[in-house]
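Accompanying notes for the structure given below.
The values are calculated or read from the model by the stated rules, or taken from the named source; none is laboratory data. Nothing here was measured: the structure is a model prediction, and the numbers come from that model. Cβ sites come from the backbone with ideal geometry, for glycine too, and all protein chains shown count toward neighbours. Just the protein is used for accessible areas: all its heavy atoms, side chains included, with ligands, DNA and RNA removed. Shrake-Rupley method; radii C 1.70, N 1.55, O 1.52, S 1.80 Å.
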Amino acid sequence: MNPPQGIWTRRLTGPWAAAAILAAFWLFMLASLREKSVTFDEVGHVTAGYTYWRFHDYRLDPENGVLPQRVAGLPFLGGKYPFPSIDSDAWRRSDFLPIGDAWFHRMGNDAAAMLARGRAACGLMAVALGALVWVWSRRLNGPMGALLSLGLFVLSPTILANGALMTSDTACALFFFASCLSLWAMLHRLSPGRVLASALAMGGLFIAKATAVLIVPMALIMVAARLIDGRPLPVAFGAPRELLRRGQQAAAFAAAALAHAAIVIFVVWASYSFRFSAFAAATPGRDRMADTWEKQLDKPPLPVLLTRLRLDRGEQARVAQLLDARSIPQDEWTQEAVDIVPVIQGMLTPGHARRLGAEMAAPPAAPVLRALDWIYRHHLLPQGYLSGLARVAGRSQLREAFLNGRYSVYGWKSFFPYTFLVKTPLPVFGAILLAVAAAAAGRRTLRSFYDTLPLWTLLGVYWAVFIFARLNIGHRHILATYPPLFVLCGAAAAWLTARSRALGAALIALFLLLAAEVLYRFPNYLAYFNVVAGGPAHAYRHLVDSSLDWGQDLPGVKRYIDDHHVAAPVYLSYFGMADPGYYHIPARLLYSYGFSIVHPLPAPLRAVPAIGENVESVVAKTLAGHPELECVAIGENAGGQIAVFLEKPGFYRLTGGTYFISATLLESLEFNLDRPWGPWNDRYEATYQRLSALIKPIMSKDPAARLEALQHGGIRDWIAVFDDFEQYRFARLAAYLRQREPDDSIGYSILVYRLTDAEVSRALDGPSPTL
């Protein structure tokens with residue numbers, strides 16, 4: 001029997017103490033993000049969430065849960081931050097990136113203040129999750145166990161890093177945890193309140209993230225365990241009674257399941273204004289989803305479907321001429337491709353037209369996509385919701401991933417076990433061992449295991465699925481496994497009141513070490529790695545993307561340049577959605593990914609038309625605003641005169657200087673498999689040498705040689721060559737830099753290299769990095 005608690009012990013382990021800890025946790029979490037730029041996914045989430053509230057339109061970013069997006073967008077409804085016009089091409093084509101970029105960086109809004117508001121709102125979900133951890137651990141492990149579980153939660157680098165970000169990971173963890181616990185409570189007392197609480201928790205889960213479907217096997221496991229247990233089931237519908245037989249209990253649970261399904265479907269429809277269409281107001285042919293339904297279903301491209309029809313030569317010629325005239329892609333279902341199908345059917349024989357219609361209506365091969373297509377065709381769930389599920393299903397099949405110097409699009413079964421090993425503080429592993437020892441010393445029975453079954457079920461199903469998942473891009477995807485783990489760790493608190501003072505002292509020492517390490521690593525929790533991986537300084541050699549570098553440290557580049565008085569030339573290769581120009585970073589941009597989707601790097605070769613003014617005036621204005629350019633030609637096209645500009649050779653060449661390179665891009669994680677991705681190889685080297693040979697005359701100091709070289713191709717052809725060369729040149733530089741240590745780092749996610757002219761020349765013109 002535990003000794004009676006003193007008044008101070010009760011106060012320190014009571015609800016008010018827990019509330020104070022959670023309030024401090026919320027403030028500390030926000031403080032750690034104060035100097036961090038927007039991470040890769042946040043712009044899309046908050047922009048979409050704001051439009052859901054303000055315009056009741058669900059076209060933007062449908063693949064992420066509508067609930068966390070609404071939470072992120074809620075603080076902006078006061079109108080303090082002007083929003084871009086929805087009468088724009090980006091809005092009509094449902095492209096959230098330029099809309100979000102304009103909202104944060106182009107309209108005079110304070111991006112830091114916007115991040116603080118949105119993150120403060122989302123951080124409340126982390127607070128709610130911590131409260132559930134405390135409540136459930138208190139029930140299982142007593143007051144001291146609850147305090148330990150809560151302490152592990154609020155000092156978790158994974159929770160601190162992701163808890164307040166405007167993404168769906170925390171909401172997913174919150175509602176998985178709430179769903180399992182509320183369902184378990186309902187299975188032991190069937191009442192209207194418990195059924196409603198459990199169903200609403202699951203409803204929240206299904207609008208939080210697409211992985212919500214995992215609650216189904218979790219629920220089946222818990223129901224099966226409850227039926228096997230066989231204890232009477234109290235029922236509070238009408239007159240209180242107990243169901244004694246398992247058949248009666250199974251029937252009652254089946255009825256509760258139907259109620260759950262109805263309430264979840266109601267919650268989903270309510271979240272989308274009880275409307276199938278994602279558009280609040282759409283003009284046919286103008287407003288469209290970012291991806292067509294045909295593309296999301298992975299339907300064979302239109303040219304492939306046409307080959308199945310065995311058209312005669314005349315039909316083939318007419319169709320080919322039409323596809324070429326409309327510039328229809330050969331490998332993708334664009335909206336233009338969908339719109340042209342009825343036109344093509346009108347050009348074919350009736351039999352071929354019917355066969356093309358049948359091919360268009362054929363269900364997809366993948367069972368998940370086939371089910372979604374059936375639901376879509378019968379309007380059983382909202383269009384925006386189904387589009388999001390289909391996009392997630394498609395994107396989870398193949399995805400570029402990096403682990404310990406290896407590259408794959410299929411992932412590894414070891415990925416998430418490894419991230420858990422290196423991104424969980426070592427004192428937590430000590431607490432796990434002490435919890436296991438406490439359970440063994442207390443001779444925990446099957447009944448004790450039964451009481452914790454929801455926690456084991458959540459852990460087991462989640463881990464079983466994600467070990468085989470191909471989406472190996474971030475440790476955050478297993479964030480939902482930490483809360484049940486911390487509750488189970490609360491059992492270690494038994495050593496604080498047991499006779500074994502040594503183990504109790506060891507637990508206290510572990511907790512103090514954890515607190516000290518977390519404080520020491522402030523504020524770089526997204527880049528946290530323990531000593532198993534060598535700490536965060538070398539983490540980029542093990543993991544990247546949202547496990548380390550998610551675009552969060554761009555403001556640090558500006559501070560570093562100012563604090564270290566970094567002189568030009570300065571180069572930046574950035575992975576993320578923040579805008580370097582917004583932070584006034586005086587750097588020449590190299591290949592980047594994220595914000596460059598909206599703002600591509602300007603091509604070294606540019607043709608500027610003279611519209612409404614003479615061409616000499618156009619030349620003067622362009623050169624005044626861009627001293628790095630020189631005019632190499634003046635010509636004419638169908639629209640009148642044009643001036644052709646080319647970057648000066650001295651500017652286009654890379655020289656010695658300070659290079660700031662995002663860790664993700666250093667590993668050449670290129671989100672297009674036609675580009676250099678993974679370790680440098682002979683094929684990439686051959687392509688690089690070919691492009692270098694094409695570019696070399698353009699980089700000559702002889703104007704005549706440059707002009708002569710340009711005449712061997714059209715302007716569009718040369719722009720494509722420059723684009724390819726820019727990416728291959730950066731990939732070769734990155735391959736060279738991977739062979740040496742960085743000179744410094746910013747938040748462990750952006751690496752700093754101070755290179756001489758000789759080093760740059762060796763990287764770009766020396767032996768291949770593979771040799």
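The set of residues from region 647-661 being closer than 15 Å to L764 by Cβ and surrounded by 19 or more Cβ atoms within 10 Å (Cβ to Cβ) comprises L654, G657, Y659, I661. Looking at R117, R106, just one residue is open to solvent by 40 Å² or more (accessible area, probe 1.4 Å), over 15 Å from D579 (Cα atoms) and of a type in the set (K, R), and that residue is R117. Residues considered: A390, A371. Of these, the only one that is in a helix (DSSP H, G or I) and free of Cβ contacts under 8 Å to residues at least 12 places away in the same chain is A371. Return a yes/no flag: does region 456-463 have any residue that is in contact with a Phe, Trp or Tyr (Cβ under 9 Å, 6 or more places away or on another chain) and open to solvent by 10 Å² or more (accessible area, probe 1.4 Å). Yes, some residue in region 456-463 is in contact with a Phe, Trp or Tyr (Cβ under 9 Å, 6 or more places away or on another chain) and open to solvent by 10 Å² or more (accessible area, probe 1.4 Å). Kindly indicate which of A278, A239 is within 40 Å of the chain's Cα centre (by Cα) and among the small types (G, A, S). Checking each option against the conditions leaves just A278.
Of all residues in region 185-217, exactly one satisfies the criterion of being of a type outside the set (G, A, S), under 26 Å from L67 (Cα atoms), over 25 Å from the mean Cα position of the chain (by Cα) and open to solvent by less than 10 Å² (accessible area, probe 1.4 Å), namely M186. So, in region 710-734, exactly how many residues are surrounded by fewer than 20 Cβ atoms within 10 Å (Cβ to Cβ) and of a type in the set (A, V, I, L, M)? Within region 710-734, residues that are surrounded by fewer than 20 Cβ atoms within 10 Å (Cβ to Cβ) and of a type in the set (A, V, I, L, M) number 5.
Within region 546-557, track down each residue that is buried (at least 24 other Cβ atoms within 10 Å of the Cβ) and either part of a helix (DSSP H, G or I) or free of Cβ contacts under 8 Å to residues at least 12 places away in the same chain (or both). First the steps, then the outcome.
Taking region 546-557 first, the residues buried (at least 24 other Cβ atoms within 10 Å of the Cβ) are 546-554, 557.
Scanning region 546-557 gives S546, S547, L554, V557.
When you scan region 133-150, do you find a residue that is in contact with a Phe, Trp or Tyr (Cβ under 6 Å, 6 or more places away or on another chain), open to solvent by less than 40 Å² (accessible area, probe 1.4 Å), over 18 Å from G65 (Cβ atoms) and of a type outside the set (G, A, S), even just one? Yes, that holds for at least one residue.
Of L646, L654, L665, all but one fail to be of a type in the set (A, V, I, L, M) and in a loop (DSSP other than H, G, I, E, B); the exception is L654. Scanning region 614-646 for residues that are surrounded by 14 or more Cβ atoms within 10 Å (Cβ to Cβ) and either under 26 Å from S592 (Cα atoms) or without any contact (Cβ under 8 Å) to a residue 12 or more places away in the chain (or both) yields T622, L623, H626, E628, L629, E630, V644, F645, L646. Taking the criterion of being within 17 Å of A365 (Cβ to Cβ), in a helix (DSSP H, G or I) and either open to solvent by 50 Å² or more (accessible area, probe 1.4 Å) or of a type outside the set (A, V, I, L, M) (or both), the residues of region 292-343 that qualify are W293, E294, K295, Q296, V304. A Cβ distance below 6 Å, combined with a sequence gap of six or more or placement on separate chains, defines the contacts here; from region 40-66, residues that are closer than 19 Å to A282 by Cβ reach residues that are open to solvent by 10 Å² or more (accessible area, probe 1.4 Å) and small (G, A, S) in the pairs F55/A280; H56/S273; H56/A280; D57/A280; V66/S271. On the stretch given as region 245-263, residues that are open to solvent by 50 Å² or more (accessible area, probe 1.4 Å) and among the hydrophobic types (A, V, I, L, M, F, W, C) total 6.
Regarding P364, is this residue within 34 Å of the chain's Cα centre (by Cα) and more than 21 Å from R93 (Cβ to Cβ)?
Values: within 34 Å of the chain's Cα centre (by Cα): yes; more than 21 Å from R93 (Cβ to Cβ): yes.
Spelling it out, P364 is indeed within 34 Å of the chain's Cα centre (by Cα) and more than 21 Å from R93 (Cβ to Cβ).
Going by the structure shown, is S273 under 43 Å from the mean Cα position of the chain (by Cα) and at positive phi? Lay out the reasoning, then the answer.
On the way: under 43 Å from the mean Cα position of the chain (by Cα): yes; at positive phi: yes.
The answer is yes for S273.
For every residue, the table says whether it meets (1) closer than 17 Å to A19 by Cβ; (2) in contact with a Cys (Cβ under 6 Å, 6 or more places away or on another chain); (3) not small (G, A, S).
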{"residue": "D95", "(1), (2), (3)": "no, no, yes"}
{"residue": "D110", "(1), (2), (3)": "no, no, yes"}
{"residue": "L129", "(1), (2), (3)": "yes, no, yes"}
{"residue": "W136", "(1), (2), (3)": "yes, no, yes"}
{"residue": "L147", "(1), (2), (3)": "yes, no, yes"}
{"residue": "V154", "(1), (2), (3)": "yes, no, yes"}
{"residue": "S168", "(1), (2), (3)": "no, no, no"}
{"residue": "F175", "(1), (2), (3)": "no, no, yes"}
{"residue": "S182", "(1), (2), (3)": "no, no, no"}
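Here is the figure for region 354-368: residues that are surrounded by 17 or more Cβ atoms within 10 Å (Cβ to Cβ) and either aliphatic (A, V, I, L, M) or not in a helix (DSSP H, G or I) (or both) total 2. Among residues of region 147-165 that are assigned to a loop (DSSP other than H, G, I, E, B), those with a Cβ under 8 angstrom from a residue that is among the small types (G, A, S) and modelled with pLDDT of 95 or more, sequence gap 6+ or separate chain, pair up as L155/A515; G163/G123; G163/A126; A164/A120; A164/G123; A164/A126. The criterion of being in a helix (DSSP H, G or I), open to solvent by less than 20 Å² (accessible area, probe 1.4 Å) and modelled with pLDDT under 95 holds for G44.
In summary, M107 fulfils each of the numbered conditions (1) modelled with pLDDT of 95 or more; (2) among the hydrophobic types (A, V, I, L, M, F, W, C); (3) more than 25 Å from G384 (Cβ to Cβ) with the single exception of condition (1). Pairs are defined by a Cβ separation below 8 Å, a sequence spacing of at least 6 or placement on different chains, a first member in region 113-136 that is closer than 17 Å to P483 by Cα, and a second member that is open to solvent by 20 Å² or more (accessible area, probe 1.4 Å) and of a type outside the set (A, V, I, L, M); the pairs so defined are G123/W26; L124/W26; A126/W26; V127/W26.
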